[in-house]
Structures are given as structure tokens and as C-alpha cells.
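Colleague: Following this message is one structure expressed as C-alpha cells.
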Amino acid sequence: MSRESDLPALWSHDPHVHLRFRPGDKVADIDTSATPGFRGAKADAPVLQAERSVRLGELQEKLYANSRSGDSRKVLLILQGMDTAGKGGIVKHVVGAANPQGVKYTSFGAPTEEELAHDFLWRIRKALPPAGHIGVFDRSHYEDVLIVRVHDLVPPDVWGARYDQINAFERELVDGGVTLVKVAMFVSLQEQKRRLAERLERPDKYWKYNPADIDERLLWPKYEQAYQAVLDRTSTDHAPWYVVPCDRKWYSRLAITELLIEALKGLNMSWPPPDFDVKAEKARLANA
Ligand code: AMP
Ligand code: MG
């Protein structure tokens with residue numbers, strides 16, 4: 001089925017194709033300050049972001065509208081990245097363009113005692129978006145092979161089995177009408193330090209700062225390995241990973257907006273037809 005591309009000319013390459021993780025790609029080689037596929041400049045970003053946010057909003061409304069007439073499909077955006085990568089900014093500035101009525105947002109922190117008593121996917125399943133919604137996972141089941149692996153929170157055979165379990169789980173989601181948009185957000189150590197320093201300078205940012213962020217930062221070599229394993233083992237045809245350089249927030253926001261737009265366009269939706277007689281209703285209204 002052919003889809004008309006409405007990708008703005010400022011993109012030289014479709015982010016949907018260009019940012020997709022390819023077997024053999026190395027996390028260590030990611031240029032986190034690059035703006036792959038974008039030929040515009042930072043100065044072009046505000047206007048373009050505003051335009052594309054409107055487009056995203058329209059598509060989201062269509063998804064929601066179709067669910068009211070029985071379409072059970074949904075989109076799930078999974079955001080993974082180290083602290084300061086900009087996950088919160090994506091939620092605020094990209095997802096924020098959508099109508100909250102059709103968004104289901106969940107952030108995943110350290111599991112509660114109750115959650116730990118269940119399989120690692122238990123809390124994930126509970127947070128899945130209903131029909132017609134865009135679900136947003138701010139961190140996700142991938143923490144169970146990232147922080148859990150880096151800190152040896154469970155034995156290696158337990159986390160080691162999770163890659164296959166995650167692939168099977170995501171297969172089940174896709175078969176159930178979920179379009180997954182998995183985004184791995186990477187920031188350089190230098191830019192991370194700058195952002196953490198800013199959090200320590202500004203009282204309005206203290207709330208985002210956690211002393212443990214520095215401990216995790218020092219463990220980056222282990223995280224890099226863990227991220228590499230995630231990308232190598234769970235970037236599947238049904239649920240590929242997109243790798244987004246995040247040193248420039250304006251770029252990561254534009255790119256992730258396009259990934260969401262592309263996912264929604266891929267659903268080939270039209271506005272649901274009326275389940276009433278329009279002409280008859282007009283006549284009734286005229287006399288009402
Ligand atoms: P934040 O996203 O900054 O609020 O931090 C949430 C913290 O919870 C991060 O350090 C995550 O790595 C941690 N976290 C999330 N999921 C898990 C998990 N399954 N096991 C252990 N820690 C987790
Ligand atoms: Mg944090």
C-alpha cells in the first residue's frame with residue numbers, strides 16, 4: 001500500500017529509516033551531537049516542531065476516533081535513556097502536543113515490593129494503553145536488562161533469559177494491535193555532566209536531581225554494554241529500535257515526533273464513517 005509522504009523538506013532522510021538500529025551498529029560509535037537526516041538548523045526547529053506537533057495531534061485524534069467505532073489498535077512509545085537524556089522533555093514537548101484524553105503515560109522506577117513479587121512484565125502489562133490511545137513508557141521493561149544487569153540485581157541466568165521473553169512479549173503486543181515505537185536516547189558523558197550541573201545550579205531543577213545519577217554515570221561503561229545487548233538482541237522486525245542522538249534537544253524532539261507520525265500514518269486510518277444518517281439528522285436538527 002502506498003502512503004503519501006508528507007515529510008518536511010528539511011529532512012534529507014526519513015528518520016524512520018535512517019535512525020533504525022541495524023545489526024552491527026555499535027553504541028560506542030554513536031555521535032550523540034549529530035543530527036542525522038536533518039538538513040535544517042536549530043533556528044528552523046521551533047516553527048517545524050510546531051507544525052509537526054499539529055500533524056501529530058491530528059493523527060492521534062484519528063486513532064482515538066477510530067477506537068470509538070471498534071478499532072482496537074494503539075501505539076506504544078517506549079523511551080529508554082540515561083538520566084538527562086531528555087525523556088521528560090519528550091513527554092512534555094512531543095507527547096504534550098497530543099490530547100491527554102488519548103494518552104496513557106507511565107514512568108517506571110525501582111519496583112515496589114508488590115511488583116517484585118511478580119514476574120518483571122506484570123507491572124508492564126498493567127500499564128499498556130487501551131484501544132485508541134498512545135501509551136508512553138518513560139523507562140520500561142528494558143530496565144530489567146539494563147540497571148538490573150549492571151547492578152546484578154538478579155542472577156545472570158535470570159536477566160539473560162529476559163531478552164527472549166521480551167521479544168516474545170512484544171510479538172504478542174504487536175499481534176494484539178500495538179504499534180511499538182522503541183526509542184533509545186543517547187547523550188554524551190560531557191553533555192550529561194553539563195545537564196547534571198545545571199540541575200545543581202537551578203532551584204527549579206533540584207527536583208530532577210538524584211545523587212544516584214552520578215553513581216549511574218560512573219557505571220556508563222557497563223551501561224554501554226547493556227545497551228548494546230538490548231539493541232543487538234531485541235531490535236526485531238516487528239519491534240525495531242530507533243537510536244536517537246540527544247545532545248541537541250531540538251533535534252531529538254523533532255526526530256521522535258517524526259517517528260510517532262510515521263507510526264500513526266502506518267495505521268492507514270481514515271475518519272470513521274457516521275453510524276447515523278447524516279441527512280436525516282440535519283433535517284431533525286433544523287426542526288429541533
Ligand atoms: P527516574 O526515571 O529518574 O525517575 O529514575 C527511576 C529509577 O528507577 C532509575 O534509576 C531506574 O533505573 C530505576 N528503575 C526502573 N526500573 C527498574 C527496575 N526494574 N529495577 C530496578 N530499578 C529500576
Ligand atoms: Mg532521574
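The values are calculated or read from the model by the stated rules, or taken from the named source; none is laboratory data. Given the structure is predicted, the values throughout are model-derived calculations rather than measurements. As a convention, Cβ positions derive from the backbone with ideal geometry for all residues, glycine included, and neighbour counts pool all protein chains shown.
Colleague: Residues in segment 89-105: is at least one within 13 Å of ligand 1 (Cβ to nearest atom), buried (at least 20 other Cβ atoms within 10 Å of the Cβ) and either assigned to a loop (DSSP other than H, G, I, E, B) or within 17 Å of the chain's Cα centre (by Cα) (or both)?
Modeller: yes
Colleague: Being in contact with a His (Cβ under 8 Å, 6 or more places away or on another chain), closer than 24 Å to Thr257 by Cα, touching a residue at least 24 places away in the same chain (Cβ under 8 Å) and not charged (D, E, K, R) narrows it down to one residue among Val174, Val136, Val183; which is it?
Modeller: Selected residue: Val174, the only one of Val174, Val136, Val183 that is in contact with a His (Cβ under 8 Å, 6 or more places away or on another chain), closer than 24 Å to Thr257 by Cα, touching a residue at least 24 places away in the same chain (Cβ under 8 Å) and not charged (D, E, K, R).
Colleague: Restricting to segment 146-160, and then to whatever is within 16 Å of ligand 2 (Cβ to nearest atom) and not in a helix (DSSP H, G or I), can you tell me which residue is farthest from Leu79 (Cα to Cα)?
Modeller: His151
Colleague: Is it the case that some residue within segment 238-254 is in contact with a Lys or Arg (Cβ under 6 Å, 6 or more places away or on another chain), polar (S, T, N, Q) and not in a loop (DSSP other than H, G, I, E, B)?
Modeller: No, segment 238-254 contains no residue that is in contact with a Lys or Arg (Cβ under 6 Å, 6 or more places away or on another chain), polar (S, T, N, Q) and not in a loop (DSSP other than H, G, I, E, B).
Colleague: When residues of segment 106-139 are filtered for being part of a loop (DSSP other than H, G, I, E, B) and either at pLDDT below 95 or away from ligand 1 (no atom under 11 Å from the Cβ) (or both), how many remain?
Modeller: 10
Colleague: From Asp31, Asp71, Asp25, Asp83, which residue is part of a loop (DSSP other than H, G, I, E, B), within 16 Å of ligand 1 (Cβ to nearest atom) and of a type in the set (D, E, K, R)?
Modeller: One residue alone meets the criteria, Asp83.
Colleague: Could you tell me how many of the residues in segment 198-214 are within 15 Å of ligand 2 (Cβ to nearest atom), loosely packed, with under 15 Cβ neighbours inside 10 Å and assigned to a helix (DSSP H, G or I)?
Modeller: The qualifying residues number 7.
Colleague: From the list Trp220, Trp207, which residue is over 17 Å from Gly88 (Cβ atoms) and within 16 Å of ligand 1 (Cβ to nearest atom)?
Modeller: On the way: Trp207 fails: over 17 Å from Gly88 (Cβ atoms).
Of Trp220, Trp207, the one residue that is over 17 Å from Gly88 (Cβ atoms) and within 16 Å of ligand 1 (Cβ to nearest atom) is Trp220.
Residue by residue, here is whether (1) out of contact with any helix residue (DSSP H, G or I) (no Cβ under 7 Å at 6 or more places or on another chain); (2) farther than 25 Å from Ala255 by Cβ holds:
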site	(1), (2)
Gly86	no, no
Leu116	yes, yes
Pro129	yes, no
Val148	no, yes
Pro156	yes, yes
Gln165	yes, yes
